[in-house]
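Colleague: Have a look at the structure that comes next, please.
The values are calculated or read from the model by the stated rules, or taken from the named source; none is laboratory data. For clarity, every value in this text was computed on a predicted model and none was experimentally measured. When we count neighbours, we look across all protein chains shown, and the Cβ atoms used for this are built from the backbone with ideal geometry, even at glycine.
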Amino acid sequence: MAGSAARAGAIRVINPQPDADHQIPDELAPLNKNPVAYASERCRFSLLAHMQSARSRCGLGAIIHRNNLKRVIVLRPRSPPIAQLRSLATKLFTDGQYADADILLAELANMTEGDRAQIALRRAQIGMLSDSMADVEEQLEIACSEYGSHVYFVGLQADMAMRKGDLPSAAAALRQLGRHSRAAHLESFDGTWYQVGRVSARPVAWNDEHALPLFEVTINGRAGQFVLDTGTGDCLLDSKFARLAGVQAGPFDRAAFAGGRVGRWQLAVIDGLSIGGSRFGRLPAMIAPLADKFRHGFSDISVDGIVGAGLLRAAGGIDLDYHEGCLRLGPPEGEGGEALWIAGSHYPLTPCRANGGPSSCWFIDSGMSGVDIACSESAARRHGVQVLKGDIEAHGGGGSLAAKAMRIRHFRHGALEYRQLPAAVLPKFTLGRELGIRIGGIIGHDWLSKHRVQLDYRAMRTRITA
């Protein structure tokens, strides 16, 4: 047909071309000359994300124009090789392109009956990342017959039930996993937690003279100075402050921090919490001594507690205006932005690029200070970063973390681009391995504080502006 078009001079064939941001994946490298042949009609947008700019997604097919009659024919592609699509779906998921991976997995589920349960388990994980509990429930039903007794499946059931607020089901799943302290903690709520009385968008001013901003939070009528740490799930109270606020300490449970540290804390229930004009009730919390955790940068003041990401999700989002020195709870105003994903129980992720490499999801950690961004040793190798001589320290909710200094030549998030960005390698950062996903790195407070940061948990979007 192309030969006839050349002879007649009246027909031209236009094939999608990749741009710099969407290179054709390695799996399709031998087949680049005709990408149309390797995508089905239903998954064309998934492959197109890697072969054409996302802004010009118009379908995978050769478009034929005949003279000036404006007749358009879109050729329907043949069914793709299943092995190629499996490999591409894995690459999409690994690179943090979860929406495209889900589209491709849905196609594979229709093409391969024998793999439906395994595919459903992966799609349930994507549903958790996108905070779409209806999708998670649907996929777990498909996977239940084959994987219902597996630890990973039961863990997903527990996480889904907690996100939905189905505390009896969550407690039952946690007991299957041997997490009896956490199960008893959920049962103590009598079926209701994270009660939202009112969410006010009124600005709450903070004190930014310390390593992290401090703002006032009232617990059961007693005011304290808190920091915001998106690396923490439920609110964390200092032991002394909890006693003064009348918060009863419950059973001990294992504490795990994003930087790799572990410890113990006591589980508790907060009857009432206020931030500015916002009111919340029946909140899950942890209690632990915080004085040693916040020695760096807080020498002249006590940190009474940490507001975690669980409260932000219940409020619908947060607007952190570092220029004005204030926060606003509730779904932020604005449009556009980059994807927001929730890994594990609460960790917020957003796509970034380092050193011109492929997009990957980075963990937004407002509680890590001392460095702009950080990553694990394996991620540093993937990014091809330059590791510098000398040791440095990063600081988070788990205390001080030993790190190696490095420098990232080029860092990009959305329209924001930075060159020669100071960063750190955290040898004990294993969060990605624990969650079963690849994490590009950590975006810490020192970088966030140069911007206005909006986390919109209703639209699942991140908006960061200079």
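Colleague: Return the total of residues in segment 129-138 being buried (at least 22 other Cβ atoms within 10 Å of the Cβ) and in contact with a strand residue (DSSP E or B) (Cβ under 8 Å, 6 or more places away or on another chain).
Modeller: Here is the first cut: in segment 129-138, the residues buried (at least 22 other Cβ atoms within 10 Å of the Cβ) are 129, 136.
Right, trim to in contact with a strand residue (DSSP E or B) (Cβ under 8 Å, 6 or more places away or on another chain) and you get 129.
So the count comes out to 1.
Colleague: Yes or no: V196 outside any helix (DSSP H, G or I) and of a type in the set (A, V, I, L, M)? Steps first, please.
Modeller: Working: outside any helix (DSSP H, G or I): yes; of a type in the set (A, V, I, L, M): yes.
When the stated conditions are applied, V196 passes them.
Colleague: Going by the structure shown, is G96 touching a Cys at 6+ places or on another chain (Cβ under 8 Å) and either modelled with pLDDT of 95 or more or not in a helix (DSSP H, G or I) (or both)? Show your work before the answer.
Modeller: Details: touching a Cys at 6+ places or on another chain (Cβ under 8 Å): yes; either modelled with pLDDT of 95 or more or not in a helix (DSSP H, G or I) (or both): yes.
For G96, the condition - touching a Cys at 6+ places or on another chain (Cβ under 8 Å) and either modelled with pLDDT of 95 or more or not in a helix (DSSP H, G or I) (or both) - is met.
Colleague: Right, here's the next one. With respect to the numbered conditions (1) without any contact (Cβ under 8 Å) to a residue 60 or more places away in the chain; (2) buried (at least 18 other Cβ atoms within 10 Å of the Cβ); (3) among the charged types (D, E, K, R), which one is the sole condition not fulfilled by E377?
Modeller: (2) is the only condition that E377 fails.
Colleague: Quick one: is A158 within 30 Å of Y194 (Cα to Cα), buried (at least 18 other Cβ atoms within 10 Å of the Cβ), under 24 Å from the mean Cα position of the chain (by Cα) and not assigned by TED's automatic domain parsing to the domain that holds T350? Write out each step before concluding.
Modeller: Numbers: within 30 Å of Y194 (Cα to Cα): yes; buried (at least 18 other Cβ atoms within 10 Å of the Cβ): yes; under 24 Å from the mean Cα position of the chain (by Cα): yes; not assigned by TED's automatic domain parsing to the domain that holds T350: yes.
Yes.
Colleague: Suppose we keep only residues that are part of a strand (DSSP E or B) and closer than 20 Å to A249 by Cβ within segment 224-234. Which one would you say is farthest from the chain's Cα centre (by Cα)?
Modeller: Filtering segment 224-234 down to residues part of a strand (DSSP E or B) leaves 224-228.
Narrowing further to those that are closer than 20 Å to A249 by Cβ: 224, 226.
On the way: G224: 29, F226: 23 Å.
Checking each candidate, the answer is G224.
Colleague: Under the condition of being crowded, with 16+ Cβ neighbours inside 10 Å and of a type in the set (D, E, K, R), which residue from segment 283-305 is nearest to F226 (Cα to Cα)?
Modeller: Checking each candidate, the answer is D304.
Colleague: How many residues does segment 402-432 contain that are over 11 Å from C375 (Cβ atoms) and aliphatic (A, V, I, L, M)?
Modeller: Counting residues in segment 402-432 that are over 11 Å from C375 (Cβ atoms) and aliphatic (A, V, I, L, M) gives 5.
Colleague: Mind checking whether some residue in segment 315-334 is surrounded by fewer than 24 Cβ atoms within 10 Å (Cβ to Cβ), within 19 Å of K91 (Cα to Cα) and not polar (S, T, N, Q)?
Modeller: no
This table checks each residue for (1) aromatic (F, W, Y); (2) farther than 23 Å from V196 by Cα; (3) assigned by TED's automatic domain parsing to the domain that holds V425.
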{"residue": "A268", "(1), (2), (3)": "no, no, no"}
{"residue": "F280", "(1), (2), (3)": "yes, no, no"}
{"residue": "L283", "(1), (2), (3)": "no, no, no"}
{"residue": "G297", "(1), (2), (3)": "no, yes, no"}
{"residue": "L311", "(1), (2), (3)": "no, no, no"}
{"residue": "G316", "(1), (2), (3)": "no, no, no"}
{"residue": "L320", "(1), (2), (3)": "no, no, no"}
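Colleague: For E333, are the conditions met, namely being farther than 30 Å from A124 by Cβ and in a strand (DSSP E or B)?
Modeller: Details: farther than 30 Å from A124 by Cβ: yes; in a strand (DSSP E or B): no.
Against the criterion (farther than 30 Å from A124 by Cβ and in a strand (DSSP E or B)), E333 does not qualify.
Colleague: Condition first: under 25 Å from R328 (Cβ atoms), among the hydrophobic types (A, V, I, L, M, F, W, C) and outside any strand (DSSP E or B). Now tell me which residues in segment 276-306 satisfy that.
Modeller: If we filter segment 276-306 for residues that are under 25 Å from R328 (Cβ atoms), which is where we start, we get 276-285, 294, 297-298, 301, 303-306.
Add one more test, that the residue is among the hydrophobic types (A, V, I, L, M, F, W, C), and what stays is 280, 283, 285, 294, 298, 301, 303, 306.
F294, F298, I301, V303, listed by residue number.
Colleague: So K428 passes all but one of these: (1) in a loop (DSSP other than H, G, I, E, B); (2) of a type in the set (D, E, K, R); (3) farther than 29 Å from F226 by Cα. Which condition number does it fail?
Modeller: (3)
Listed here are the residues, each with its yes/no results for (1) hydroxyl-bearing (S, T, Y); (2) surrounded by fewer than 22 Cβ atoms within 10 Å (Cβ to Cβ); (3) in contact with a strand residue (DSSP E or B) (Cβ under 9 Å, 6 or more places away or on another chain); (4) on the phi < 0 side of the Ramachandran plot.
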{"site": "A424", "(1), (2), (3), (4)": "no, no, yes, yes"}
{"site": "T430", "(1), (2), (3), (4)": "yes, yes, no, yes"}
{"site": "I443", "(1), (2), (3), (4)": "no, no, yes, yes"}
{"site": "R458", "(1), (2), (3), (4)": "no, yes, yes, yes"}
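Colleague: Take the residues in segment 261-279 that are over 19 Å from A249 (Cα atoms) and at pLDDT 95 or above, then tell me which one is surrounded by the most Cβ atoms within 10 Å (Cβ to Cβ). Full working, then the answer.
Modeller: Step one: list which residues in segment 261-279 are over 19 Å from A249 (Cα atoms), which gives 261-262, 274-279.
Among the residues that remain, those that are also at pLDDT 95 or above are: 274-279.
Details: S274: 19, I275: 23, G276: 20, G277: 13, S278: 21, R279: 16.
Of everything passing the filter in segment 261-279, I275 is surrounded by the most Cβ atoms within 10 Å (Cβ to Cβ).
Colleague: Keeping to segment 235-251, report how many residues are modelled with pLDDT under 95 and either in contact with a Lys or Arg (Cβ under 9 Å, 6 or more places away or on another chain) or part of a loop (DSSP other than H, G, I, E, B) (or both). I'd like the intermediate steps shown before the answer.
Modeller: Keep residues of segment 235-251 that are modelled with pLDDT under 95, which gives 248-251.
Applying the additional criterion that residues be either in contact with a Lys or Arg (Cβ under 9 Å, 6 or more places away or on another chain) or part of a loop (DSSP other than H, G, I, E, B) (or both) yields 248-249, 251.
Matching residues across segment 235-251 total 3.
Colleague: Determine which single condition R175 fails, assuming it passes every other condition in (1) farther than 29 Å from E434 by Cβ; (2) free of Cβ contacts under 8 Å to residues at least 12 places away in the same chain.
Modeller: Failing condition for R175: (1).
Colleague: Sticking with this structure for a sec: Condition test on F252, is it crowded, with 19+ Cβ neighbours inside 10 Å and in contact with a strand residue (DSSP E or B) (Cβ under 9 Å, 6 or more places away or on another chain)?
Modeller: Details: crowded, with 19+ Cβ neighbours inside 10 Å: no; in contact with a strand residue (DSSP E or B) (Cβ under 9 Å, 6 or more places away or on another chain): yes.
No.
Colleague: Let me ask something else about it. Exactly one of these conditions fails for D135: (1) more than 30 Å from L186 (Cβ to Cβ); (2) charged (D, E, K, R); (3) without any contact (Cβ under 8 Å) to a residue 24 or more places away in the chain. Give me its number.
Modeller: In the conditions (1) more than 30 Å from L186 (Cβ to Cβ); (2) charged (D, E, K, R); (3) without any contact (Cβ under 8 Å) to a residue 24 or more places away in the chain, D135 misses (1) alone.
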